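Inspection log for the structure reproduced underneath, given as structure tokens.
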Amino acid sequence: MVKYIFQRIIYMVITLFIIATATFFLMKLLPGSPFNDLGGKMTEAQEQLLMEKYGLDEPVPVQYAKYMAGMVQGDLGVSFQYDNRNVTDIILTRLGPSAHLGAQALIIGSILGIILGMTAAIRHNTWWDYTSNVLAVIGISIPSFVFAGLLQYYFAVQWRLFPVSFWEGPIYTVLPTIALMIFPMAICARFMRSEMLEVLGSDYIELARAKGVSNNTIMFKHALRNAVIPVITVLGPMTVSLMTGTLVIEQIFAVPGIGEQFVRSINTNDYPVIMGTSMLFSVMFIVIILIVDLLYGLIDPRIRITGGKD
Amino acid sequence: MDPILDVRNLHVSFDTYGGTVQAVRGVDFALKKGETLAIVGESGSGKSVTTKALMGLVAKPAGHIPKGEILFDGKDLTKLSNKEMQKIRGKDMSMIFQDPMTSLNPTMKIGKQIMEGLILHQKLSKKEARNRAIELLDLVGIPDSTKRIDQYPHQFSGGMRQRVVVAIALACNPKVLIADEPTTALDVTIQAQILELMKDIQKKMDTSIIFITHDLGVVANVADRVAVMYAGKIVEVGTVDDIFYNPKHPYTWGLLGSMPTVDGNDEKLIAIPGTPPDLMNPPKGDAFAARNEYAMQIDLEEEPPLFKVSDTHYAATWLLHDDAPKVEPPEAVKKRMKGNISAGEENRS
């Protein structure tokens, strides 16, 4: 097990290196430079000076080597757009709200989704099943910003139950969380329902019934664990996309999150922030995939990893 | 002696979009203490559905029991609620399933799967249940039981898994054990082991067994009595000797005729022509008439009652009526009847 995790970490480092390299050169292909959008207020000599200051006048491979050398030491450089603020700093302050929202949406959404899917499967072919199916399809097919807009309009503007926007306390998280959690909830419900139906039709559930086990025990002790495995597969990547911020929701509710920051950096060619954020997303993604793989083993003994000898 | 289980005129139907399928259409049998009753018949004849009805495992709401009684312990099981059936399932009556590869929960240790029933029905503590589970594993012949109890099903072979399933079924010393084709998914050597195991356990515990199979070789080996089912009804019932040495129903002849013999490698197997009838619209008269070369006019019009051949032997065919022409079973079947005498003897010794 330890050996396996160690091996995975080495792969992760290699993967990150490849991602960093690819991102760096792709980013350099972006049109424009960080300093050319000032509307002619800057003379060429000034621009030249700035380029030199940030090392942008050097050939790209040299810049790449310097950046990588810095990254290995934990230095992600300084931002071009915010008075030379440290990139690590920017990312950390911006990541907080996004991660908070994402975690909230993911936890509530997936738990509700699993419950919804399970009950739909248990009450297969009843109005409950049909209703939850329709809800799930709506949740999957309608984009989150539509919900965000509706929620904002009714709950904040019309009924004044929640603040319209900004990020000043727990109550401010309610509407964006709901808008964000609908998609994961719908996905979980769909997967859970179909998986649960399959599991409930299996021989071992029938055997459990033949043992005289009660319905509830069958659901929670026998079926849930087997049915939840595919749900975890979809939850992994979804966690990353939720935690790393969703641009649209952050814009609508004026949440100072990292998604919004990321897009702005791309628009302004803020290379260090683009790199830093991409690297952060990659690290999170890879770590979560590792966690999901380890979780599989925890849930399903058939795919438990044994290091060589049992 | 009173039978332990008495099934009377049992009907089981399933509602589907196309209509109601009458899977079981009036089955009567009684099971005595310590006896093994084999139910044979081809796929779709209602064998499994009958036993599921006994266990109260007919899938609701599509499946239901419109008529009939299942008398067990003075109670009519068809009248019990699900909660009440839960107390009987696994305790008084338990079941062994066909495919051991799929009938154990893959994410639960086998020990826990065995202990579950013990804790539920016998109110044992975890520790007592664990000790009992180890005993059961020893009983069904799983070596190294103290270690194996903490393993998962995928760490067992097919035959070993079926032993675990048997252990689960036996956990609470059930009065009736229903085995639904317990050896079909196993290879021949393992089949023999599992059959031996079941016979052994029956001797030790004096359990009554209902054994569903379509393997007549297995029937000769394990059963005391045999019920032949066709299209949701029992068409012939008798002791093993009655059925193998003196079969009366043309369908039983067909089953015997389609069984390969040990020595007869030069002869063809005789298949029963046609397919079983559509039980959504069961035919008028004898359901087997369309496939029966001895069918008479009356077979198409009226269903035959069970004619008594002897005290133990009944068959539902008009051929047994006094006015019917005397028909001998076909030569091939006669040969096999003899073949079975020797095969049966060998198996018993």
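Points worth noting:
- Net length gained if the chain between residue A:115 and residue A:25 were fully extended (0.36 nm per residue, minus Cα distance): 27.9 nm
- 12 Å beta-carbon shell around residue A:87, net charge (K/R +1, D/E -1): -1
- Eligible lysines near residue A:28 by straight Cα distance, threshold 17 Å, same-chain separation 8 or greater: A:66
- Using the Cβ-Cβ distance between residue A:254 and residue B:60 with R0 set to 51 Å, the FRET efficiency from 1/(1 + (r/R0)^6) comes to roughly 0.45.
- Annotation: the residues A:60, B:21, sorted from fewest to most other C-beta atoms within 10 Å of their own C-beta, follow the order A:60, B:21.
- Förster radius 30 Å - calculated FRET efficiency between residue A:72 and residue A:264 (Cβ-Cβ, nearest 0.05): 0.65
- Residues residue B:189 and residue B:308, FRET efficiency given R0 of 30 Å [Cβ-Cβ distance, rounded to 0.05]: 0.15
- Ranked by how many other Cβ atoms sit within 10 Å of their own Cβ, fewest first, the residues A:167, B:253, B:318, A:159 fall in the order A:159, A:167, B:318, B:253.
- Spin-label model distance (nm) - residue A:57 vs residue A:9, 7 Å beyond Cα toward Cβ: 4.3 nm
- Ranked by the mean number of other Cβ atoms within 10 Å of their residues, highest first, the peptides B:213-220, A:21-28 fall in the order B:213-220, A:21-28.
- Among complete DSSP H helices in chain A, those whose alpha-carbon atoms stretch at least 24 Å along the helix's long axis and whose mean Kyte-Doolittle hydropathy reaches 1.0 are A:2-28, A:87-122, A:174-200, A:271-299.
- Subset of A:211/B:112; B:248/B:308; B:33/B:60; B:60/B:83 violating a 21 Å alpha-carbon distance limit: B:33/B:60
- Neighbours of residue B:65, meaning other residues whose beta-carbon lies under 11 angstrom from its beta-carbon, give a summed charge of +2 when Lys and Arg score +1 and Asp and Glu score -1.
- Note on chain A: with a GNM built from Cα contacts shorter than 10 Å, the maximum mean-square fluctuation among A:209, A:85, A:190 falls on A:209.
- The Cβ shell under 15 Å around residue A:54 holds other residues with a net charge of -3, Lys and Arg each +1, Asp and Glu each -1.
- Counting other Cβ atoms within 10 Å as a rough exposure proxy, the listed residues A:43, B:50, B:312 run A:43, B:312, B:50 from fewest neighbours to most.
Laboratory data are not the source of any read-out in this text; all were calculated from the coordinates shown. What you see is a predicted model, and the numbers here were worked out from it, not measured in a lab. A quick note on method: Cβ atoms are made from the backbone with ideal geometry, for glycine too, and the neighbour counts reach across all protein chains shown.
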